[in-house]
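Asks: Shown below is the structure under consideration.
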Number of protein chains: 2
Amino acid sequence: MAQNQSPAPDTSRRSERSRRAIYDAALALVAEVGYPKTTIEGIASRAGVGKQTIYRWWSSKADVLLEAFLDLSNQAAEAAGQAPYSIPDTGDLAADLKNVLRATVDELRDPAFEAPSRALAAEGVVNEELGRRFVAQLLEPQLQLYVDRLRAAQEAGEVRPDIDPRIALELFVSPLAQRWLQYTGPITHAYTDTLVDYALHGLAPR
Amino acid sequence: MAQNQSPAPDTSRRSERSRRAIYDAALALVAEVGYPKTTIEGIASRAGVGKQTIYRWWSSKADVLLEAFLDLSNQAAEAAGQAPYSIPDTGDLAADLKNVLRATVDELRDPAFEAPSRALAAEGVVNEELGRRFVAQLLEPQLQLYVDRLRAAQEAGEVRPDIDPRIALELFVSPLAQRWLQYTGPITHAYTDTLVDYALHGLAPR
DNA sequence: CAGGCAACGAGACGGACCGTCTCGTTGCGT
DNA sequence: ACGCAACGAGACGGTCCGTCTCGTTGCCTG
């Protein structure tokens, strides 16, 4: 029995030009009018593309935006340096973490990143399938850098050996993430510095 | 100059019956078909109510759901005990925090709470005005309980006096929140226990 | 207790987008 | 050079939006 789900489009004939135009249009519209008011029809017309071209290659507007944002991130990563980036190791864990988190604070304020990443995060909260893809392709690779740096710190004796690095990183990354996502508090360099100090030395008296 | 924004509906003539029916319909639909597929028309027809009655009292479906969920939370809080709830103080901070967080883990799995609170959190990520109301009316009052308990711990010498309790609570609350919101990891009692231990004693060797 | 008036349930209305479906047209692979 | 599938364009029925009328109902005031 022949299935007519979809005639399985031919990737080799795909128009690179249209793909790029769709990415650009999607990112621009989300930044300009917001995610809820961004429509497939709007993306298509702005990209100078037929709606069917979008529906042929993507299943939803969230799907389009996720790919567009991944592409943007990869471009930015290539422009900034080599792909396998890592957190610097000066031998001073606290200082290294504070530096990276300060940079993250600045990045969270960059409008070009803020609109699409908020939109994707919001969609992911309510759409588990997309949320897991967002995490696997974007968030987890970033978190892995902290795992690596924390493991190095364990070998250097700066972190207790029985600590699980994947959980440890959440002590300073998740508070920042929550303040940003949910507007539960201001985001400053002083704040992230404090998080690192609290996490490394604990709340209890020593 | 007479403004015709809206004729300012008369609260005293408002139908309590309709209000309750709308809350129930909104919560039920979000749980049954999900937030994106929940529509104002759907809520109205399920509640046996005219659309205009919804538009007269609320400005958006997110607004309806926030009020409905606040109402549900207040009911649940009254049913469970007196309103000014607080975190128990047995003199063992770690044990008290672990208990509360375990209860929170269980609550996060309750389907009746999960669907609407996810929907509101997602909307809040992308809609700052609603996000701030969500935080102010629902999240922050809960977090304040941790602030109180941590202050008591400071007076008892269980927490260093220079620690800011509002930030300290984020070390164990935010990681749980992020795992739940973004599916960045499994949520278990063992996990939250570990968070409390890490937060209290720090990552660095003592 | 009667009357008036605003909120009510119901649903018609134009408009925006949805996702699907044709059209010719274009441009890549054979 | 040819053929075929992806392309831009847009028509189509459908859903939901937010606004607007209808009578009807039920609560405050006199």
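Asks: Please report which chain A residue places its beta carbon nearest the axis carrying chain A onto chain B, with the distance rounded to a whole angstrom.
Replies: A:GLY202, 1
Asks: While we're here: Eight or more residues apart or on different chains, and alpha-carbon atoms under 15 Å: count the Lys pairs in the protein assembly as shown matching that. Numbers along the way, then the final one.
Replies: On the way: A:LYS37/A:LYS61; A:LYS51/A:LYS61; B:LYS37/B:LYS61; B:LYS51/B:LYS61.
Count of close lysine pairs: 4.
Asks: Accessible area per residue of segment A:14-65 at 1.4 Å probe, in Å²? It would help to have the intermediate numbers written out before the result.
Replies: Numbers: 2720 Å² over 52 residues.
That works out to 52 Å² per residue.
Asks: Sticking with this one: Mind checking Rg over Rh on segment A:150-206, alpha carbons, Kirkwood formula for Rh? Could the numbers behind the result be given before it?
Replies: Details: Rg = 12.7 Å, Rh = 12.4 Å.
For segment A:150-206, the value is 1.02.
Asks: How about segment A:26-109: which chymotrypsin sites (Phe, Trp or Tyr not before Pro) there are in a DSSP loop, with at most 13 other Cβ atoms within 10 Å of their Cβ? Don't skip to the end; give the middle numbers.
Replies: On the way: sites: A:TYR55, A:TRP57, A:TRP58, A:PHE69, A:TYR85; in loops: A:TRP58, A:TYR85.
Of the chymotrypsin sites (Phe, Trp or Tyr not before Pro), the ones in loops of segment A:26-109 whose Cβ has at most 13 other Cβ atoms within 10 Å are A:TYR85.
Asks: Now for a separate question. Please report, for A:ALA95, the nm distances (one decimal) from its label point, 7 Å out from Cα along the beta-carbon direction, to the equivalent points in the remaining copies, shortest first.
Replies: With the label placed 7 Å along Cα→Cβ, A:ALA95 yields 4.3 nm.
Asks: Could you look at the protein assembly as shown and say what percent of its accessible area is carbon and sulfur, using a 1.4 Å probe and all protein chains? Provide the component values of the computation, followed by the final result.
Replies: Numbers: 10760 of 20890 Å².
The value for the protein assembly as shown is 52 percent carbon and sulfur by accessible area.
Asks: Here's another thing I want to ask about it. Chain A: Rg/Rh from Cα coordinates, Kirkwood Rh? Intermediate results must be reported in sequence, preceding the final value.
Replies: Values: Rg = 20.4 Å, Rh = 19.4 Å.
A ratio of 1.05.
Asks: Put a label point 7 Å from Cα along the Cβ direction on B:ARG166, then list its distances to the equivalent points in the other copies in nm, shortest first.
Replies: 3.4
Asks: Within segment B:47-66, what residues put their amide N at less than 20 Å from the label point 7 Å along the Cα-to-Cβ vector of B:ASN74?
Replies: B:54-66
Asks: Rounded to two decimals, what is Rg over Rh for segment B:86-201 when you use alpha-carbon atoms and the Kirkwood radius? All intermediate terms of the calculation are to be shown ahead of the outcome.
Replies: Working: Rg = 14.7 Å, Rh = 15.0 Å.
Result for segment B:86-201 is an Rg/Rh of 0.98.
Asks: Shape verdict for segment B:14-65, please, from the Cα gyration tensor: rounded (a/c under 1.5), prolate (a/b greater than b/c) or oblate. If you can, show how the numbers build up before the last one.
Replies: Numbers: a/c = 1.80, a/b = 1.47, b/c = 1.23.
Prolate.
Asks: OK, next. Taking the simple approach of a point 7 Å from Cα along Cα-to-Cβ for both A:ARG102 and B:THR90, what is their distance in nm?
Replies: Calculated label separation equals 4.3 nm.
Asks: Take the alpha carbon atoms of segment B:136-206, find their center, do the same for segment B:51-92, and report the distance between the two centers in whole angstrom.
Replies: 23 Å
Asks: Moving to a separate point now. Along Cα→Cβ at 7 Å, what distances in nm separate the A:ARG206 label point from those on the other copies, shortest first?
Replies: List, nearest first: 1.2 nm.
Asks: Which residue, chosen from A:PRO9, A:GLN137, B:PHE69, occupies the Cα position most advanced towards the positive end of the dipole of the protein assembly as shown, where the dipole is computed from +1 (Lys, Arg) and -1 (Asp, Glu) charges on Cβ about the Cα centre?
Replies: Working it through, the farthest residue towards the positive pole turns out to be A:PRO9.
Asks: Assuming a ≥ b ≥ c are the square roots of the Cα gyration tensor eigenvalues, decide whether the protein assembly as shown counts as rounded (a/c under 1.5), prolate (otherwise, with a/b larger than b/c) or oblate.
Replies: Values: a/c = 2.06, a/b = 1.13, b/c = 1.82.
Oblate, since a/c reaches 1.5 and b/c is not below a/b.
Asks: How well do other chains shield peptide B:191-203, expressed as the mean number of their Cβ atoms within 10 Å of each residue Cβ? Walk me through the numbers on the way to the answer.
Replies: Details: counts 3, 0, 0, 5, 5, 1, 3, 9, 6, 3, 7, 14, 19.
What the average comes to for B:191-203 is 6.
Asks: Local charge sum around A:ASP110 (other residues, Cβ-Cβ under 14 Å, Lys/Arg +1, Asp/Glu -1)? Kindly include the intermediate steps, with their values, before the conclusion.
Replies: On the way: positive: A:ARG102, A:ARG109, A:ARG118; negative: A:ASP106, A:GLU107, A:GLU114.
Within the 14 Å Cβ shell, the charges total 0.
Asks: Taking 0.36 nm per intervening residue step and subtracting the Cα-Cα distance, what contour gain separates A:ARG56 from A:ILE40 on full extension? Write down the numbers at each step before the final one.
Replies: Numbers: separation 16, 0.36 × 16 = 5.76 nm, distance 1.23 nm.
Result for the pair: 4.5 nm of gain on full extension.
Asks: What quantity of accessible surface, computed with a 1.4 Å probe and excluding non-protein components, is buried in total between chains A and B, in Å² to the nearest 100? It would help to have the intermediate numbers written out before the result.
Replies: Working: alone 12780 and 12790 Å², together 20890 Å².
The A and B chains share an interface burying roughly 4700 Å².
The values are calculated or read from the model by the stated rules, or taken from the named source; none is laboratory data. Since the model is a prediction, treat every value here as computed from it, not as a measurement. All Cβ positions, glycine included, derive from the backbone under ideal geometry; neighbour counts span all protein chains shown. Each accessible area value is taken on the protein alone, full model and side chains, heavy atoms only, with ligands, DNA and RNA left out. Shrake-Rupley method; radii C 1.70, N 1.55, O 1.52, S 1.80 Å.
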